[in-house]
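The values are calculated or read from the model by the stated rules, or taken from the named source; none is laboratory data. Quick caveat: nothing in here was measured; it's all calculated off a predicted structure. No Cβ is skipped: glycine too gets one built from the backbone with ideal geometry, and neighbour counts run over all protein chains shown.
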Amino acid sequence: MSKRTVEYEVSRTPELGMDFRPRSGPVLPTELEEPDFRSENMLINIGPQHPATHGVLRLVLELDGETVVRCIPHIGYLHSSFEKLGEYRDWNQIVPLTDRMDYLAPLIYNCAFVMAVEKMMGVEVTERCKVVRVICMELDRIFSHLLWLGTWAIDVGAFTPFLYAFQERERVYQLHDQYVGARITTSATRVGGMLADLPEGWTDGVREFANTLPRTLDEVDTLLTNNGIHAGRTQGVGVISGEDAINSGFSGPNLRASGVPYDVRKDRPYYDYETYDFEVPIGEHGDCYDRYLVRMEEMRQSCHLLHQALDRLPEGPINVDDPRVVLPSKTDCMNDMESMIHHFKLVMEGVKSPPGESYFPVEGSKGELGMYVVSDGGSKPVRWRVRPPSFVNLSVIPKLVEGGLLADVIVVNASLDIVLGEIDR
């Protein structure tokens, strides 16, 4: 079977230049009408299965070329119904639910929940317990920021800082494991205290970590802070003013990067934070670059706080001496009938709380984390509500990306530091 060919003859004229035409048929036009390049905007999906969305987040983007016209976040793909589950579990049984919300900083959520319950019950924990919880929360603030730093670097286009950050995170995992026997799902707190006292040598490991981490941060600082590519990708991107940040409900590093000096540890102090010496880093421009700088400095300040907490860690019991709240020791149970009765009632009925309600805010790694609990006098909450920093911060992403470029969406989303376990709780 032969190919069908068309023969052309070529003529050169001064007016037309080279004119191609078939031997038969009409002459091809030499002047075309102006083409119609009008087009409709394009819709694309980023996620919910995409590594740059940092979880099962779906962003529906309307694009005009490379410009983002509209952004609609879709959540709910990881919905776990933690708050509803809490209504069917006693106060201590809720603790394992809290560390599955922000699994990047589980000890902060463990502490925040029991602090709200203790406030409602009027329980004052021991001085040793207060300092231990401060150590746990500051350790996990660094823990969370390190994961953010590594993934942030990858999203911007750098890989080496990821290795530095995750090497340091592994050391925190080991400290988790040594204390609670788990790396991620810590469940470390109990109403009135902790699951156990600190193991021997654990504080030495924390101090060694706080001593050496700043050197790693200096290495990352050298790689990223004055890097021209990193600065070009982040400076002037995702800008939000301090006033807009407040009106949008921003909190934590995202709010402070816009120049608002609000930190729950300073403005509504708890566990004697007002007696610790630390600075609250503040940004100036409210862009992605400032959010990076604020978190880098926060890790250094948390190391400073860890040293102070370790220096003032007192001796003594870590749990309150109240058999209605804390399980008696095994020795007491085996030798004292009254202790055995208290043990039986706590295990079978749970901790009883008087009727009331309380709200307790703490400075989480991602912003203000609030726990609200309501009791009708039983061992289970009537209502448990979480004020989630990531959920509120995510709501601002359309404002930050609309009008910008598609490539900037990934950087802006990374700069907010969200975790979907808490958003889809």
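Of all the residues that make up the stretch 331-371, how many are in contact with an Asp or Glu (Cβ under 6 Å, 6 or more places away or on another chain) and under 26 Å from TYR88 (Cα atoms)? The number of residues fulfilling the criteria is 3. When SER329 is tested against (1) more than 30 Å from TRP152 (Cβ to Cβ); (2) touching a Pro at 6+ places or on another chain (Cβ under 8 Å); (3) not acidic (Asp, Glu), just one condition goes unmet, and that condition is (2).
For the stretch 343-425, the strands (runs of 3 or more DSSP E) that sit wholly inside it and include 3 or more residues that are within 19 Å of VAL260 (Cβ to Cβ) are 356-364, 367-375. GLY228 passes every criterion in (1) without any contact (Cβ under 8 Å) to a residue 60 or more places away in the chain; (2) touching a helix residue (DSSP H, G or I) at 6+ places or on another chain (Cβ under 8 Å) apart from (2). Of all residues in the stretch 64-91, those satisfying the criterion of being farther than 30 Å from LEU346 by Cα and buried (at least 17 other Cβ atoms within 10 Å of the Cβ) are VAL68, CYS71, PRO73, ILE75.
Considering the stretch 342-389, and only residues there that are among the polar types (S, T, N, Q) and in contact with a Gly (Cβ under 9 Å, 6 or more places away or on another chain), the residue that is farthest from GLU274 (Cα to Cα) turns out to be SER379.
Conditions (1) at pLDDT 95 or above; (2) β-branched (Val, Ile, Thr); (3) more than 16 Å from SER395 (Cα to Cα); (4) surrounded by fewer than 21 Cβ atoms within 10 Å (Cβ to Cβ), marked per residue:
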position	(1), (2), (3), (4)
LEU213	yes, no, yes, yes
ASN226	no, no, yes, yes
ALA231	no, no, yes, yes
GLN235	no, no, yes, yes
GLY238	no, no, no, no
SER241	no, no, no, yes
ALA245	no, no, no, no
PHE250	no, no, no, no
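Residue-wise test of (1) modelled with pLDDT of 95 or more; (2) within 30 Å of PRO314 (Cα to Cα); (3) more than 18 Å from the chain's Cα centre (by Cα); (4) among the polar types (S, T, N, Q).
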site: ILE75; (1), (2), (3), (4): no, no, no, no
site: LEU78; (1), (2), (3), (4): no, no, no, no
site: SER81; (1), (2), (3), (4): no, no, yes, yes
site: GLY86; (1), (2), (3), (4): no, no, yes, no
site: ILE94; (1), (2), (3), (4): no, yes, yes, no
site: MET101; (1), (2), (3), (4): no, no, no, no
site: LYS119; (1), (2), (3), (4): no, yes, yes, no
site: GLY122; (1), (2), (3), (4): no, yes, yes, no
site: VAL125; (1), (2), (3), (4): no, yes, yes, no
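Checked against the criterion of being under 22 Å from GLU297 (Cα atoms) and either not small (Gly, Ala, Ser) or not in a loop (DSSP other than H, G, I, E, B) (or both), the stretch 185-204 has no qualifying residue.
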